[in-house]
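Q: This is the structure I want to talk about, given as structure tokens.
The values are calculated or read from the model by the stated rules, or taken from the named source; none is laboratory data. Since the model is a prediction, treat every value here as computed from it, not as a measurement. FYI the Cβ positions are ideal-geometry reconstructions off the backbone, even for glycines, and counts take in every protein chain you see.
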Amino acid sequence: MDPQALTPSRIVAELDRYIVGQAHAKRAVAIALRNRYRRQALTGEMRDEVMPKNILMIGPTGVGKTEIARRLANLVGAPFLKIEATKYTEVGYVGRDVESMVRDLVEASVRTVRAERIEETRAAAREQAIERLADIIDPSTRVAPTQGATPFSALSAMLSGPGGARSVPEAPPPSRSDELEARRERTKQEIANGFYDVRIIEIDVEEPQTVLTFGGPQMEEMGGNMNDLLGSMLPKKRSKRRVTVAEAKELFTQEEAAKLIDNDALKREAVRRAEEDGIIFIDEMDKIAGPGRMGGGPDVSREGVQRDILPIVEGSTVLTKYGPVKTDHVLFIGAGAFHTSKPSDLIPELQGRFPIRVELSSLTKDDFKTILTAPKNALIEQYRQLLATDDVELSFTDDGIDAIARLATLVNEQTENIGARRLHTMLEKVLEGASYEAPEHGGSVVVDASYVEERLADIVKDQDLSQYIL
């Protein structure tokens, strides 16, 4: 989507298609995204001086924190990475160092750009793939390669001196007769139209290279660089496979597309996007925030992780196998429930790097009803289409939807509040019988209030049982 057309109100409207409620959080991320476009429109020194305003989302699980960030990244095609703060350890301890989040972001950016380049070259690559298939299906129309100079003949000419070896003029490229040319074009057209799709053929395909590893995560960049070096020096390993023409067409298209891509330009673009448009979502930040400063003092490991994350969020240069990557303009979105700790328990320097704080509210019964029916990927519509593949017509009445939302709210209040994720467990339990019997019986299933009560009421009443089942 055109960044200029993404006004904050337009961004919020797009997020509303998938996420219910949480208007304050949507406004905050919409403004942050629009400020990125505004910064890129600046010129001169001011463009480098404007830093992103990182966001800290505070709210219980299942209310949409991750989904807001993920949908935001998908909206603009920005490189996106979701990580948990608890997976990192302080420098000097065994585990993943915090710089690996930047390397993972660049890897995500490389995958995105590569997919775009493959799509751009798909038409030309498909033509080359059809040419290769025509050589296999009708070998008589294949043109024999010219016998040009080999590396050994060139080396011999160099060693022999000016008069030691005579250069042999290259033969003109061979051509097909008009009859063979017409037959080949007909074969290529039939391949393109799928006439040979079910035929089994034997082809040579490139095998994926084995990535060399040299120990733990700290050595992963050395392993990646060594693998790239050796991969460019050694010949690619190929193996024979028996596949259908349709599968061979796709395999050859991917191989030919890879040949058409400028890998150096791809890496430069991927690094640029990671630096300018990257979004890193750091979840579970409350788990690395100490419960307080009284008594035993700060937890060394928790505070150590915070201090290691700090320079990444502040803006630093991280070395990756694609080159140095600056994090000055990467947008960081932190999130956490903060039940037993508070944002003020984070170290002051890290607090200051998340100037925008948004509190997400718990979901109500009305929110649950909206989640079940309104979003583009509404849960009820998902189950309806799933069961339709087994010729089951699934329908929900208004009182049935109301009953599911009411019971989900009740269980969240009685046990742990897991937000909208509770709806998944409720619907699975309600539709367990219908899903089990669907392939044999088909027919129609109407989910009303009595249908829901019959399958959930006893479990909801028994709080001990609902902790395990719902």
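Q: Looking at (1) in the same structural domain as residue 18 (by TED's automatic domain parsing); (2) out of contact with any helix residue (DSSP H, G or I) (no Cβ under 8 Å at 6 or more places or on another chain), which is the one condition that is false for residue 344?
A: (2)
Q: Of all the residues that make up the stretch 259-282, how many are touching a residue at least 60 places away in the same chain (Cβ under 8 Å) and either within 15 Å of the chain's Cα centre (by Cα) or closer than 13 Å to residue 36 by Cα (or both)?
A: 9
Q: Let me ask another. Right, residue 186: among the charged types (D, E, K, R), surrounded by 15 or more Cβ atoms within 10 Å (Cβ to Cβ), at pLDDT 60 or above and in the same structural domain as residue 240 (by TED's automatic domain parsing) or not? Full working, then the answer.
A: On the way: among the charged types (D, E, K, R): yes; surrounded by 15 or more Cβ atoms within 10 Å (Cβ to Cβ): no; at pLDDT 60 or above: yes; in the same structural domain as residue 240 (by TED's automatic domain parsing): yes.
Spelling it out, it is not the case that residue 186 is among the charged types (D, E, K, R), surrounded by 15 or more Cβ atoms within 10 Å (Cβ to Cβ), at pLDDT 60 or above and in the same structural domain as residue 240 (by TED's automatic domain parsing).
Q: Go over the candidates 125, 144, 165 one by one and state the one that is surrounded by 12 or more Cβ atoms within 10 Å (Cβ to Cβ), of a type outside the set (Lys, Arg) and modelled with pLDDT of 60 or more.
A: None of the other options fit; the residue is 125.
Q: Okay, moving on. Across the stretch 234-291, which residue is modelled with the highest pLDDT among those that are in contact with an Asp or Glu (Cβ under 7 Å, 6 or more places away or on another chain) and hydroxyl-bearing (Ser, Thr, Tyr)?
A: So, considering only residues that are in contact with an Asp or Glu (Cβ under 7 Å, 6 or more places away or on another chain) and hydroxyl-bearing (Ser, Thr, Tyr), the one modelled with the highest pLDDT is 244.
Q: Going through 46, 101 one at a time, which residue ends up being buried (at least 18 other Cβ atoms within 10 Å of the Cβ), assigned to a helix (DSSP H, G or I) and assigned by TED's automatic domain parsing to the domain that holds residue 306? Let's see the steps before the verdict.
A: Numbers: 46 fails: buried (at least 18 other Cβ atoms within 10 Å of the Cβ).
Exactly one of 46, 101 is buried (at least 18 other Cβ atoms within 10 Å of the Cβ), assigned to a helix (DSSP H, G or I) and assigned by TED's automatic domain parsing to the domain that holds residue 306, namely 101.
Q: Mind listing whichever residues of the stretch 425-446 are closer than 23 Å to residue 66 by Cα and in contact with a helix residue (DSSP H, G or I) (Cβ under 7 Å, 6 or more places away or on another chain)?
A: Going residue by residue through the stretch 425-446, those that are closer than 23 Å to residue 66 by Cα are 425-428.
Within the stretch 425-446, 426, 427 meet the criteria.
Q: Name the one entry in 405, 388, 420 that is within 23 Å of residue 65 (Cβ to Cβ) and out of contact with any Lys or Arg (no Cβ under 9 Å at 6 or more places or on another chain). Outline the logic, then answer.
A: Numbers: 405 fails: out of contact with any Lys or Arg (no Cβ under 9 Å at 6 or more places or on another chain); 388 fails: within 23 Å of residue 65 (Cβ to Cβ).
The match here is 420.
Q: Given the criteria polar (S, T, N, Q), assigned by TED's automatic domain parsing to the domain that holds residue 404 and at negative phi, does residue 327 qualify?
A: Values: polar (S, T, N, Q): yes; assigned by TED's automatic domain parsing to the domain that holds residue 404: no; at negative phi: yes.
So residue 327 fails the test.
Q: While we're looking at this one, here's another question. Does residue 30 fit the bill of being closer than 17 Å to residue 332 by Cβ, touching a strand residue (DSSP E or B) at 6+ places or on another chain (Cβ under 6 Å) and in a helix (DSSP H, G or I)?
A: For residue 30, the condition - closer than 17 Å to residue 332 by Cβ, touching a strand residue (DSSP E or B) at 6+ places or on another chain (Cβ under 6 Å) and in a helix (DSSP H, G or I) - is not met.
Q: Still on this structure, please answer the following. Those residues that are in a helix (DSSP H, G or I) and more than 22 Å from the chain's Cα centre (by Cα), I need them from the stretch 13-24; list them, please. Before you say what the answer is, go through the steps one by one.
A: Start the filter on the stretch 13-24 by keeping residues that are in a helix (DSSP H, G or I), which leaves 13-16, 23-24.
Matches in the stretch 13-24: 13, 23, 24.
Q: Just one of the numbered conditions (1) farther than 17 Å from residue 247 by Cβ; (2) modelled with pLDDT of 55 or more; (3) exposed (fewer than 13 other Cβ atoms within 10 Å of the Cβ) is not true of residue 176; which one?
A: If we test residue 176 against (1) farther than 17 Å from residue 247 by Cβ; (2) modelled with pLDDT of 55 or more; (3) exposed (fewer than 13 other Cβ atoms within 10 Å of the Cβ), just (3) comes out false.
Q: Give the number of residues within the stretch 436-458 that are farther than 29 Å from residue 60 by Cβ and either in a helix (DSSP H, G or I) or in contact with a Phe, Trp or Tyr (Cβ under 9 Å, 6 or more places away or on another chain) (or both). Don't jump to the end; show me each part of the working.
A: Kept after step one, since they are farther than 29 Å from residue 60 by Cβ, are these residues of the stretch 436-458: 436-446, 448, 450-451, 454.
Narrowing further to those that are either in a helix (DSSP H, G or I) or in contact with a Phe, Trp or Tyr (Cβ under 9 Å, 6 or more places away or on another chain) (or both): 436-441, 445-446, 448, 450-451, 454.
Residues meeting the conditions: 12.
Q: Among (1) in contact with a Leu (Cβ under 7 Å, 6 or more places away or on another chain); (2) closer than 30 Å to residue 266 by Cα; (3) surrounded by fewer than 19 Cβ atoms within 10 Å (Cβ to Cβ); (4) not hydrophobic (A, V, I, L, M, F, W, C), there is one condition residue 343 misses while meeting the rest; what is its number?
A: Failing condition for residue 343: (2).
Q: Give the number of residues within the stretch 346-369 that are among the acidic types (Asp, Glu) and crowded, with 16+ Cβ neighbours inside 10 Å. Steps first, please.
A: So in the stretch 346-369, the residues among the acidic types (Asp, Glu) come out as 349, 359, 366-367.
Add one more test, that the residue is crowded, with 16+ Cβ neighbours inside 10 Å, and what stays is 367.
Number of matching residues: 1.
Table: residues versus (1) in contact (Cβ under 8 Å) with a residue 60 or more places away in the chain; (2) of a type in the set (Val, Ile, Thr); (3) in a helix (DSSP H, G or I).
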{"position": "380", "(1), (2), (3)": "no, yes, yes"}
{"position": "385", "(1), (2), (3)": "no, no, yes"}
{"position": "395", "(1), (2), (3)": "no, no, no"}
{"position": "403", "(1), (2), (3)": "no, no, yes"}
{"position": "410", "(1), (2), (3)": "no, no, yes"}
{"position": "413", "(1), (2), (3)": "no, no, yes"}
{"position": "418", "(1), (2), (3)": "yes, yes, no"}
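Q: If you go through the stretch 364-371 one residue at a time, do you hit one that is closer than 20 Å to residue 26 by Cβ, touching a residue at least 12 places away in the same chain (Cβ under 8 Å) and not in a helix (DSSP H, G or I)? Give the derivation first.
A: Taking the stretch 364-371 and keeping what is closer than 20 Å to residue 26 by Cβ, we get 364, 366-371.
Next, only the ones that are touching a residue at least 12 places away in the same chain (Cβ under 8 Å) stay: 364, 366-371.
Okay, now just the ones that are also not in a helix (DSSP H, G or I), so 364.
Scanning the stretch 364-371, I find at least one residue that is closer than 20 Å to residue 26 by Cβ, touching a residue at least 12 places away in the same chain (Cβ under 8 Å) and not in a helix (DSSP H, G or I), so the answer is yes.
Q: Checking residue 72 against (1) more than 20 Å from residue 356 (Cβ to Cβ); (2) modelled with pLDDT under 90, which single condition isn't satisfied?
A: In the conditions (1) more than 20 Å from residue 356 (Cβ to Cβ); (2) modelled with pLDDT under 90, residue 72 misses (1) alone.
Q: How about the stretch 292-340: which of its residues are at pLDDT 85 or above and polar (S, T, N, Q)?
A: Of everything in the stretch 292-340, those that are at pLDDT 85 or above and polar (S, T, N, Q) turn out to be 306, 316, 317, 320, 327.
Q: Given 358, 325, 313, which one is within 26 Å of the chain's Cα centre (by Cα), outside any strand (DSSP E or B) and among the β-branched types (Val, Ile, Thr)? So that I can check it myself, show each step before the final result.
A: On the way: 358 fails: outside any strand (DSSP E or B); 325 fails: outside any strand (DSSP E or B).
One residue alone meets the criteria, 313.
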